[in-house]
Number of protein chains: 2
Amino acid sequence: MATEDIAKSLEDSNLESETKEDIVTPWDVAGADDTGIDYDKLIKRFGSSKVDNEVIAKLEKVAGKPVHHLIRRGIFFSHRDLFTLLNLWEQGKRFYLYTGRGPSSESMHLGHLIPFVVTKWLQEAFDIPLVIQMTDDEKALWKNIEIEEALRLTKENVKDIIAMGFDPSKTFIFSSLTYMGQCPEYYRNVIRIQKCVTFNQVKGIFGFGDSDVIGKIGFPAVQAAPALSSTFPHIFGKEKVPVLIPCAIDQDPYFRMTRDVAPRLGFPKPALLHSTFFPALQGAKTKMSASDLNSAIFLTDTPKQIKTKINKHAFSGGRVTVEEHREFGGNTDIDVPYQLLRFFLEDDPELEKIRIAYSSGEMLSGEIKKLAIECLQPIVAKHQESRKSITEDVLELFMTPRKLNFK
Amino acid sequence: MATEDIAKSLEDSNLESETKEDIVTPWDVAGADDTGIDYDKLIKRFGSSKVDNEVIAKLEKVAGKPVHHLIRRGIFFSHRDLFTLLNLWEQGKRFYLYTGRGPSSESMHLGHLIPFVVTKWLQEAFDIPLVIQMTDDEKALWKNIEIEEALRLTKENVKDIIAMGFDPSKTFIFSSLTYMGQCPEYYRNVIRIQKCVTFNQVKGIFGFGDSDVIGKIGFPAVQAAPALSSTFPHIFGKEKVPVLIPCAIDQDPYFRMTRDVAPRLGFPKPALLHSTFFPALQGAKTKMSASDLNSAIFLTDTPKQIKTKINKHAFSGGRVTVEEHREFGGNTDIDVPYQLLRFFLEDDPELEKIRIAYSSGEMLSGEIKKLAIECLQPIVAKHQESRKSITEDVLELFMTPRKLNFK
């Protein structure tokens, strides 16, 4: 696996001991200083490409419609091989989408929706199959929970994912702990991948050490395998179909590894589309955490809870006094209510109006908080309403290995 | 996993660099000097127990019949917790049998039969279920073969195993590469085990290093899981059933690890019954190898091939000249034809007669070779005849996860 990607990642891990860098791994995200994650630096360090105007124009041309605001606003900021994939698409070569989630808490928070929102947009724009992995095995290995509890959390989280409105005729959602026991090709691909990667390499990429349990050491292959279309014979048969993986940037180490291994197994390198992290209520510069109830707005929160959380906990970029605020204006870069609007308010002119009003000092903190509350309350309420209709039968439909619509 | 077993094994691996010891791992067997493996030393080093007269008496009492000659003759020389298991049996607690094979060559040789011969005897004596694992994933990881080839070798080898006459109503034979994709509980148990074992520990037990592929590092859990009865819900439901594992002593490292983990997962420690190695034709002191065609008698050999191999390649413990031989006699300890008879000639008085005649010099090398040939030719021919009747349907019957007779 002596490719640039891997060499780069090994080099990085050496560098980290010398210069202070942002830590971005699947299990740990922390800025080098209190300015938070420097995403431009991350692109350089990871060796990915920026989602610039050219990429967006290409995506809009191929999709035949404007891109989703999460892409347009630079929240999906980085990619790998998206251009190549879109060129192939134009030549008539289909691809599929793969994303996932580690089910770690009963209820998902707003940040967890982000990859799924863009994935859904991509699925609808391209009319292609989507596979969603619930890495309950990862959670059982990393967290102090039993297999049974991981499986239960998977079911709860899948209900939230289905509630986002995915099309069951094109979407397969699977738990690794279950699908591994339903499809021999999955385990066979895991072994094929595990045969290509040494402990030294996962040490370099993920920072594993000698005292880590062997389940962790082998796990990256479990997350890599769904990027090979043969892991889903019921969908793709034996066809080698390219894949696009929308995910948060902290998942990139898995797919750097996958991109290295896939060609050795005769598969195309997966293309990637990376998002920044969703801000915690306490500050736009860090990642929301499901373990701190006040750090996030959960999909189970009532309108009143949303109101209280934003009013009480959302970090404000406003000035200390009204007078100062009127004079100097608020800082939208660090203002969490503004960031929430940036993620969830669809209307571009409206958002721009708010930005100008807030940063000029015309709009006060209390006012922008109110707008954020009014934006999120109906989104969460609608989600809850939609989730109610997810019966066990619907759950089973999505999670049953089956043929999907794929031309 | 800080138990005596593991501490011992770590200690051993340290010792090995200082004093010269026999190497006995699942992938490497070599005597420290040309006297071959010292099995008594191995018992001490591994911390197992000798199969002595007391064990044999207990086994005969409980089984209600004389033990198999491979046990009686000390070929199954070592055990772990066999007494405990037999005591439980007397109290009405059933157990199951688990053994396996790594399918590395198209045709099995006589040595490969040994664990299966005694396993079959045990199954018939106790009338209990048996699970046989084909570790085709191990072979794909360790050897330069593809998954597809490993699966093909599994099928070929399973035919040989079935041909030994196992009862399909009590025997389940499975390929890890296939059964992992048929039964979610298998993978779940693998993860449960992999969560209990660190890289440091497999390093100590198996000698893995940083440049080993991660598939190897995780594999021991795949061989450990079938020692937990919940890996076979179709046979045992949720019952926690004790297990006895008959195997060659080189497989012990896997089960030392398993014995450490099982109680932490609420399962009894597996009991073990270890065999010595089957001699290569070139010398009784080493293990037969499937890769050297002249080192072994294969189950596909013709009567003529058997005759030629034994006459031409079987290491003789006889003297250089007939005169010397008549005077000093042959050495049965190193005489391969005698060793072959010891493994395969069932008649005790007959074997003893041969031993006396050969070691007194009364019987010549050519004569004992002839006896070995006459003993093995019909065994191999009968096996070939029996294998012919193994259709794809029979293969599928044995390899389909299903209920077995288990009271």
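Values quoted throughout were computed directly from the atomic coordinates according to the rules given, and no laboratory measurement underlies them. Predicted model, so just to flag it, every value in this text is computed and none were measured. For neighbour counting, all protein chains shown are included, and Cβ atoms are generated from backbone atoms with ideal geometry for every residue, glycine included.
Taking amide H positions as modeled 1.01 Å from N, with prolines and chain starts lacking one, the residues under 5 Å from B:L97 and 5 or more places away or on another chain are B:L130, B:V131, B:L244.
Using the Cβ-Cβ distance between A:F83 and A:T391 with R0 = 60 Å, the FRET efficiency computed as 1/(1 + (r/R0)^6) comes to roughly 0.90. For region A:146-228, GluC sites (Glu not before Pro) meeting the loop criterion (DSSP other than H, G, I, E, B) and having at most 15 other Cβ atoms within 10 Å: A:E146. Whole-Hz Karplus values for region B:317-332 come out as x, x, 7, 5, 10, 4, 4, 4, 4, 4, 7, 9, x, x, 9, 5 Hz, taken residue by residue from phi with 6.51 cos²θ - 1.76 cosθ + 1.60 and θ = phi - 60°; glycine and proline positions read x. If R0 equals 25 Å, the separation of the Cβ atoms of B:E156 and B:K304 corresponds to a calculated FRET efficiency of about 0.65. State whether region B:303-389 is rounded, prolate or oblate according to the following rule on the C-alpha gyration tensor (a ≥ b ≥ c being the square roots of its eigenvalues): a/c under 1.5 gives rounded; otherwise a/b larger than b/c gives prolate, and the remaining case gives oblate. Judged from the Cα gyration tensor, region B:303-389 comes out prolate (a/c at least 1.5, a/b above b/c). Backbone phi angles across region A:250-264, fed through the Karplus curve with coefficients 6.51, -1.76 and 1.60 (θ = phi - 60°), yield HN-Hα couplings of 5, 8, 4, x, 4, 8, 4, 4, 4, 5, 6, 7, 3, x, 5 Hz in residue order; Gly and Pro are listed as x. Sorted from closest to farthest, the other copies place their B:T321 label points 12.2 nm away, with each point set 7 Å from Cα along Cα→Cβ.
With contacts taken as Cα pairs under 8 Å and at least 6 residues apart, region B:235-351 reaches a relative contact order of 19 percent. With its label point put 7 Å out from Cα toward Cβ, A:T84 sits 5.5 nm from the same residue's point in the other copies, in order from shortest. Under a Gaussian network description of chain B, with springs only between Cα atoms under 10 Å, the residue in B:I132, B:I145, B:I249 that fluctuates furthest is B:I145.
Summed over all non-identical Cα pairs, the Kirkwood treatment of chain A gives a radius of 22.1 Å.
Sequentially through region A:310-316, phi angles give Karplus couplings (6.51, -1.76, 1.60; θ = phi - 60°) of 5, 5, 8, 10, 6, 4, 9 Hz, Gly and Pro residues having no value and appearing as x.
Copy-to-copy label distances for A:D52, where each label lies 7 Å from Cα along Cα-to-Cβ, are 8.1 nm in order of increasing length. Adding -39500 (n - 2.57) for every DSSP H run of four residues or longer, then dividing by how many residues chain A holds, sets the calculated 222 nm ellipticity at -14500 deg cm²/dmol. Projecting the Cα atoms of B:P129, B:A227, B:I23 onto the charge dipole of chain B (Cβ charges, centred on the Cα centre) puts B:P129 farthest toward the positive pole.
Annotation for region A:116-193: trypsin sites (Lys or Arg not before Pro) lying in DSSP loop with at most 11 further Cβ atoms inside 10 Å of their Cβ do not exist. For region B:71-112, trypsin sites (Lys or Arg not before Pro) meeting the loop criterion (DSSP other than H, G, I, E, B) and having at most 16 other Cβ atoms within 10 Å: B:R73, B:K93, B:R94. Legend: distances between Cα atoms for A:K120/A:K369; A:K50/A:K93; A:K58/A:K269; B:K170/B:K388; A:K20/A:K44; B:K20/B:K41; pairs beyond 18 Å are A:K120/A:K369; A:K50/A:K93; A:K58/A:K269; B:K170/B:K388. When chain A is turned onto chain B, the axis of that turn runs closest to one Cβ of chain A, and that residue with its distance in whole Å is A:G218, 2. Determine the shape class of the protein assembly as shown: with a ≥ b ≥ c the square roots of the Cα gyration tensor eigenvalues, call it rounded for a/c under 1.5, and otherwise prolate if a/b is greater than b/c, oblate otherwise. Note, shape of the protein assembly as shown comes out prolate. Each Lys or Arg adds one and each Asp or Glu subtracts one; over the other residues with Cβ under 11 Å from the Cβ of B:D301, this totals +3.
Its relative contact order, with pairs defined as Cα atoms under 8 Å and 6+ residues apart, puts region B:219-280 at 35 percent.
Summary value for chain B: 19 percent relative contact order, contacts being C-alpha pairs under 8 angstrom separated by 6+ residues. For A:D167 and A:A32, what is the calculated FRET efficiency with R₀ set at 56 Å and r taken between the beta-carbons, to the nearest 0.05? After rounding, the FRET efficiency stands at 0.85.
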